[in-house]
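What follows is a single structure, written as structure tokens, with notes after it.
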Amino acid sequence: MMNKNVEKSINEQIKKEEFSSRLYLAMAIWCESNGFPGAAEFLYKHADEERVHMLKLVHFVADRGGKAKLMPMNPPEQDYKSLLEVFKEIMKHEEYITASINELYGVALKENEFTTANFLQWYITEQVEEEKLFSTILDKISLVGADKAGMFHIDKELEGMAASKTVPEAGA
Ligand code: OFO
């Protein structure tokens, strides 16, 4: 049986991953209607990835005899001033998720739930990847500033990144 504190913390993380998916969906919608089809495509895919992050936790809880609970949540922000603002918000959000995963890892260790700690290693690595990816994109967007040709180029690049992204299965 899963330790109750760990189960509670994982359920909080499930909510955060589910919110991440909705946040990126909201951002994708904004990008699509504001002239950034490539960024939209990229963020729609990323929203799917976050759903997989959520599902992986849901399955883990079930496999360990716990109960995954869905919680109510506030809607994400849907209005943004610019693509720069979107990616600044993403960066902030991912740093928050990293801190949350680290905290969850700490709870698992404190409760001697080494199986959970082991499972969470995947999320720790994933957060390193995500922060690296988003900070690279953010740097590029900051660099071009208001230059329209530069923004067009970045949007195309994001379109290419979206095309090469495959969303893994939750059980993978
Ligand atoms: Fe779930 O990795 Fe981003 O938030």
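The values are calculated or read from the model by the stated rules, or taken from the named source; none is laboratory data. It should be emphasised that the depicted structure is a prediction, and the values quoted were computed from it without experimental measurement. Cβ placement follows ideal geometry from the backbone for every residue including glycine, while neighbour counts extend to all protein chains displayed. Keep in mind that these areas ignore ligands, DNA and RNA; they rest on the heavy atoms of the full protein, side chains included. Shrake-Rupley method; radii C 1.70, N 1.55, O 1.52, S 1.80 Å.
Points worth noting:
- Among the residues of the stretch 85-94, at least one is in contact with a helix residue (DSSP H, G or I) (Cβ under 8 Å, 6 or more places away or on another chain), within 12 Å of the ligand (Cβ to nearest atom) and without any contact (Cβ under 8 Å) to a residue 60 or more places away in the chain.
- A count restricted to the stretch 33-58 and to residues that are away from the ligand (no atom under 15 Å from the Cβ) and open to solvent by 20 Å² or more (accessible area, probe 1.4 Å) stands at 6.
- Check on Glu130, crowded, with 17+ Cβ neighbours inside 10 Å and either of a type in the set (Phe, Trp, Tyr) or within 16 Å of the ligand (Cβ to nearest atom) (or both): yes
- Qualifying residue in the stretch 49-65 (condition: touching a residue at least 24 places away in the same chain (Cβ under 8 Å) and not in a helix (DSSP H, G or I)): yes
- Residue check, Glu85 surrounded by fewer than 16 Cβ atoms within 10 Å (Cβ to Cβ) and not polar (S, T, N, Q): yes
- Identity of the residue in the stretch 133-144, away from the ligand (no atom under 16 Å from the Cβ) and in contact (Cβ under 8 Å) with a residue 12 or more places away in the chain, that ends up surrounded by the fewest Cβ atoms within 10 Å (Cβ to Cβ): Ser142
- Filter result for Ser9 (among the hydroxyl-bearing types (Ser, Thr, Tyr) and within 13 Å of the ligand (Cβ to nearest atom)): no
- Ile124 β-branched (Val, Ile, Thr), more than 13 Å from the ligand (Cβ to nearest atom) and either open to solvent by less than 40 Å² (accessible area, probe 1.4 Å) or without any contact (Cβ under 8 Å) to a residue 40 or more places away in the chain (or both): no
- For the stretch 120-147, filtering for residues that are in contact with a helix residue (DSSP H, G or I) (Cβ under 6 Å, 6 or more places away or on another chain) and of a type outside the set (A, V, I, L, M) leaves 6.
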